[in-house]
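Undergrad: Take a look at this one; I'll ask things after.
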Amino acid sequence: MNATTVSASRLPLTGHHSRPWTEGVVREVLPNGLTLLVQPDNSAPVVSVVTHVKAGFFDEPDRWAGISHVLEHMFFKGTARRGVGAIARETKAAGGYLNAGTGYDHTSYFTVLPASSLAAALDIQSDALRNSVIDAGELARELQVIIQEAKRKRDTPGAVAHETLHELMFDRHRIRRWRIGYEEQLAQLTRDDLWSYYHSRYVPERTIVAITGAINSEEALELARAAYGEWPVAPGAVDLSPEEPLRREVRARTLRGDVAHAELVVGWRTVEPLHEDAPALDLAAAVLGLGRGSWLYRGLRETGIVTSISAYNYAPTELGVFSIGADLAPEKLTPALERIAESVSRLTLLGPSVDELERARTLLRARWGKQLEPMEGKGSALAAAEALEHVSFLDREYEALGRLTVDQVRAAAARYLQPDNVAAVAYVPEGQGHELTAPLLERAFAVTALRRETPPPEVRRTPRPAGKADGRWEAEVLHTALPGADLLVRRKTGVPLVTVGIYVPRVEPDLPAQAGLGALVVRSSVRAAGNLDAGGLAFAFERLGGTLSPTAASDWVGFATTVIAENLAEAATLLDLVFTEPRLSEADVKTERGLMVIEAEQIADDMFRYPFQLAFAGAFGNSGYGLPVSGLPGTLATISSADARSWHRVLLGVRPVIVVVGDVDAEAASSTLAGVLGHRAPVNAPPALRPMRWAGGRGDPSIVVVEREKQQAALAMAFPGPARRDPERAAADVWAAVASGLGGRMFEALRDRRSLAYTVMASSWQKGRAGALLTYIATSPQREDEARTAMLEELDRFTREPVSPAELQQAVSYLAGQAEVGRQSAASLAGEILEAWLTGNGLADLNDPGAAFRVVSEEDIQRLAQRYLRPAERAEGVIRGSGLSSPVAG
């Protein structure tokens with residue numbers, strides 16, 4: 001074996017930070033060919049184990065299409081040492097969670113758990129990797145689950161549009177296939193097929209194991225050698241995809257189906273990730289689609305043509321696809337296509353300005369930091385770089401982003417984003433929208449307006465001098481009570497970023513006739529504030545490394561951003577401007593309101609969110625939590641700009657809280673922010689949120705059914721439950737951990753044993769005014785009644801008999817462990833602080849969050865179930881599919 005410490009060049013995230021991403025990585029290739037990557041990171045007391053197998057959809061011959069994903073599912077189905085479900089249960093008992101994903105070029109398994117559980121994690125993961133039994137009976141049951149997953153994907157318009165684009169763009173390469181597999185193919189896979197694929201692809205030489213977290217490198221290596229070192233050497237089979245011939249042709253396709261609004265996807269073939277042009281194409285995509293200051297956002301989202309838009313250069317191993325995707329009303333298809341063509345033409349012929357490139361580069365670097373902040377993100381990135389070439393490729397790729405010039409980005413875009421080689425797919429509702437044809441697409445890209453737009457001038461908001469901050473420490477958070485606001489600051493190391501947000505509680509929910517008003521105000525506020533218009537605000541934030549994000553939640557509203565840590569003062573100054581001085585002009589409110597109406601209609605296509613929207617309406621009636629935070633089409637249409645300005649005046653009379661988490665000194669940051677925010681007039685603390693009454697079933701359940709041309713039926717159930725401050729909230733969380741997730745009671749009963757669904761979940765929904773116990777299942781329409789009956793039977797079990805000591809211990813260990821795991825990122829930690837402050841019991845909730853779970857007993861859970869899980873009191877939302885939702889090509 002050969003262990004080496006990776007030597008990396010110095011790679012600044014900013015001019016003041018020069019820690020390479022691979023710093024401290026130890027790379028060792030075992031005698032059997034397996035590669036180990038170990039990187040200590042003490043920013044959180046957790047560890048992740050990522051198992052990266054170089055086998056994915058590209059490795060599958062046509063007769064085995066979808067088999068990589070099937071094998072991913074069977075990974076959790078037991079070994080000679082561990083029976084069905086034991087892998088998940090043992091991981092939960094160790095305080096961890098596990099998951100997996102299958103890509104075009106690899107399959108990845110990861111687990112994240114407290115650092116003290118590393119030995120258990122390696123024992124479980126190595127056993128599953130090396131010794132899967134692939135039982136024939138379990139395979140037959142799991143194939144039914146995977147078929148449900150495939151149906152769910154068919155009911156997701158965005159997935160259908162993007163994979164149809166790949167089919168359209170490629171004639172021979174395996175990327176053109178529906179990657180999860182079709183029902184007919186999946187049903188024919190046998191245990192022998194799985195066994196052959198498993199033993200020819202899952203071999204040491206094609207496996208990388210990355211261990212990152214609060215660990216000692218040598219101790220981790222010793223454990224890993226013991227776990228993987230005896231895995232026998234075996235040659236890996238190679239079954240390459242057919243090569244794709246070069247061609248130049250414009251291609252277009254229109255799909256029609258039961259969708260509320262349209263999806264548009266435009267794409268070009270590009271290059272593999274190791275190609276010298278790949279980083280330039282990543283930057284080109286960022287210029288076009290990353291952040292509110294991007295060309296596509298300003299040209300299409302800001303103007304109301306689309307509700308969302310993005311651009312990516314996706315490059316798995318041997319090829320690349322540059323794509324632009326948008327959600328929009330079907331009647332906006334033509335103007336959207338024209339604006340996209342105009343932006344791409346401008347990029348290829350003129351290129352970005354220096355300022356525009358730097359905006360994109362800064363945001364892209366900050367996005368790297370966010371992706372590599374959690375341990376599993378860091379481990380996945382290290383393993384992916386090693387799989388492509390060598391772990392050090394991660395640093396070289398990042399370094400390349402910093403060297404690229406305007407001319408290099410423009411030239412790379414011009415080489416690949418050519419008008420005579422574009423492809424596009426439109427997925428539109430039946431009977432609406434124009435047909436997208438190749439001639440129409442060709443004309444849009446052949447003749448475009450060409451103008452260089454001047455980016456907004458650089459406006460630097462000068463922060464006020466540092467002020468006096470006499471704070472008090474509690475739960476590692478420094479609380480400073482300023483006259484007009486509460487300031488909460490916590491240090492979180494790991495990456496040189498800081499998350500800062502300003503929030504106010506919703507003292508009263510929106511009036512029923514104006515549901516969505518609060519959301520409309522905060523979303524319209526980011527369109528212009530003070531002397532900055534939407535573009536000026538976007539550039540001001542994005543030059544700092546962050547994007548401006550309005551937040552409208554059930555119990556609070558606010559604005560937040562995550563920026564490079566040295567820019568905290570300027571970011572806070574800008575947030576204060578948006579909070580206190582939004583213009584809320586008639587034009588801005590009208591445009592944002594129009595987009596929100598479209599989004600409210602689009603929710604009907606979401607087979608998860610829409611059933612819950614229906615269930616909450618039954619649970620709480622036509623007010624408060626019974627109405628979506630973002631409103632309904634009818635309520636939004638009645639709101640005026642005068643209503644928005646009036647609502648904002650009320651907002652300014654509520655005492656805000658500013659939450660800051662990141663790589664900053666808490667005391668210095670508090671003093672800085674006291675200078676920025678200390679000018680605020682005194683404001684008293686807001687009153688406690690008033691409880692909200694349950695309006696659900698009174699003797700008979702409230703059930704709302706919507707029928708659609710979908711392949712699945714989705715059922716969301718809501719029962720009364722404890723609110724955020726209720727003493728029973730910990731018991732409700734433990735109940736959900738026993739019931740849900742891999743190794744959970746309902747998961748095993750409804751998914752593993754009955755193969756009813758791919759998605760089965762239970763959760764405790766806890767808000768400031770009320771709570772609910774929630775369940776969800778999506779199944780074949782013909783099994784809807786069976787799924788409902790089975791769900792209610794499992795819930796009834798909780799009322800009739802206490803959970804077992806083993807179930808309780810597993811759930812408590814899981815929740816306590818995840819309390820630590822959840823604090824890996826600054827953004828999630830900031831969210832935990834905000835919730836404790838506004839709807840919880842204050843910062844004391846942050847002290848040992850696992851303590852409340854450890855005192856929950858079996859009897860507590862049974863009492864909770866008997867009190868709340870009453871079928872006659874439930875509210876249920878159902879999307880009843882016909883089973884016939886495949887889109888039809890126009």
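Undergrad: What is the count of Lys pairs in the chain whose alpha carbons sit under 16 Å apart, if the two are 8 or more places apart or on different chains?
TA: Lysine pairs satisfying the spacing and distance rule in the chain number 5.
Undergrad: On to the next question. Run lengths n ≥ 4 of DSSP H only: what is the helix-derived mean residue ellipticity at 222 nm for the chain, with -39500 (n - 2.57) per run over all residues, to the nearest 500?
TA: Helix contribution divided over all residues of the chain: -12000 deg cm²/dmol.
Undergrad: Next up: What list of ³J(HN,Hα) couplings, whole Hz, do you get for region 256-261 from phi and the Karplus terms 6.51, -1.76, 1.60, once you set θ to phi - 60° and write x for glycine and proline?
TA: 10, x, 7, 10, 7, 9
Undergrad: Turning to a different aspect of this structure: Can you give the FRET efficiency for residue 809 and residue 437, using 1/(1 + (r/R0)^6), R0 = 45 Å, r = Cβ-Cβ distance, to the nearest 0.05?
TA: The pair residue 809/residue 437 has a calculated efficiency of 0.15.
Undergrad: Same structure, new question: Normalising by the residue count of the chain, find the relative contact order in percent from Cα pairs under 8 Å and 6+ residues apart.
TA: 15
Undergrad: Further question: Give me, ordered by chain and number, the residues 5 or more places off residue 529 or on other chains with an amide H under 5 Å from its own placed amide H.
TA: Here 583 satisfy the definition.
Undergrad: Also: Give me the percent of the accessible area of the chain that comes from carbon and sulfur atoms, probe 1.4 Å, all protein chains in place.
TA: With neighbouring chains kept in place, the figure for the chain is 51 percent.
Undergrad: Within 10 Å, count the other beta carbons around each residue, average over each peptide in 436-444, 770-778, 625-633, 739-747, and list them highest first.
TA: Ranking the peptides 436-444, 770-778, 625-633, 739-747 by packing returns 770-778, 739-747, 625-633, 436-444.
Undergrad: With a probe of 1.4 Å, find how much accessible area region 61-140 has per residue, and write the answer as a whole number in Å².
TA: Averaged over the residues of region 61-140, the accessible area is 28 Å².
Undergrad: Next question. Order 184-196, 823-835 from most to least packed using the mean count of other Cβ atoms within 10 Å.
TA: 823-835, 184-196
Undergrad: Can you give the relative contact order of region 627-753 as a percent, counting alpha carbon pairs under 8 Å and 6+ residues apart?
TA: Dividing the mean separation by the residue count of region 627-753 yields 12 percent.
Undergrad: Something else now. Percent relative contact order of region 275-424, based on C-alpha pairs within less than 8 angstrom and at least six residues apart?
TA: 28
Undergrad: Rank-order 481-487, 89-95 by packing density, defined as the average count of other C-beta atoms within 10 Å over each peptide's residues, highest first.
TA: For the peptides 481-487, 89-95, the packing ranking is 89-95, 481-487.
Undergrad: Which of rounded, prolate, oblate describes region 364-412, given a ≥ b ≥ c as roots of the alpha-carbon gyration tensor eigenvalues and a/c under 1.5 marking rounded, otherwise prolate only if a/b is larger than b/c?
TA: oblate
Undergrad: Return the tail of the calculated pair distribution for region 256-338, meaning the percent of Cα-Cα pairs more than 21 Å apart.
TA: The calculated P(r) of region 256-338 puts 35 percent of pairs beyond 21 Å.
Undergrad: Give me the distance between the Cα centres of region 820-842 and region 83-112, rounded to whole Å.
TA: 25
Undergrad: Here is a follow-up. Give me the accessible area per residue for region 689-805, probe 1.4 Å, as a whole number in Å².
TA: 36
Undergrad: A further question follows. Per residue of region 690-700, what does 6.51 cos²θ - 1.76 cosθ + 1.60 with θ = phi - 60° give for ³J(HN,Hα)? Whole Hz please, x for Gly and Pro, Karplus curve as stated.
TA: The phi angles translate into 6, x, 10, 7, 6, 10, x, x, 10, x, 9 Hz.
Undergrad: Shifting gears a bit: If you take the C-alpha gyration tensor of region 779-826, multiply each eigenvalue by 5 and take the square root, what semi-axes do you get, largest first, in whole Å?
TA: 31, 19, 7
Undergrad: From the square roots a ≥ b ≥ c of the eigenvalues of the alpha-carbon gyration tensor of region 519-644, which class results: rounded (a/c under 1.5), prolate (a/b over b/c), or oblate?
TA: prolate
Undergrad: Among [x] 57, 43, 26; [y] 63, 29, 22; [z] 37, 35, 31, find the value of semi-axes √(5λ) of the Cα gyration tensor in Å that was calculated from the structure presented, and write down its label.
TA: [z]
The values are calculated or read from the model by the stated rules, or taken from the named source; none is laboratory data. Given the structure is predicted, the values throughout are model-derived calculations rather than measurements. With ideal geometry, Cβ positions are generated from the backbone for all residues, glycine too; neighbour counts draw on all protein chains shown. Ligands, DNA and RNA are excluded from the accessible area calculation, which covers all protein heavy atoms including side chains. Shrake-Rupley method; radii C 1.70, N 1.55, O 1.52, S 1.80 Å.
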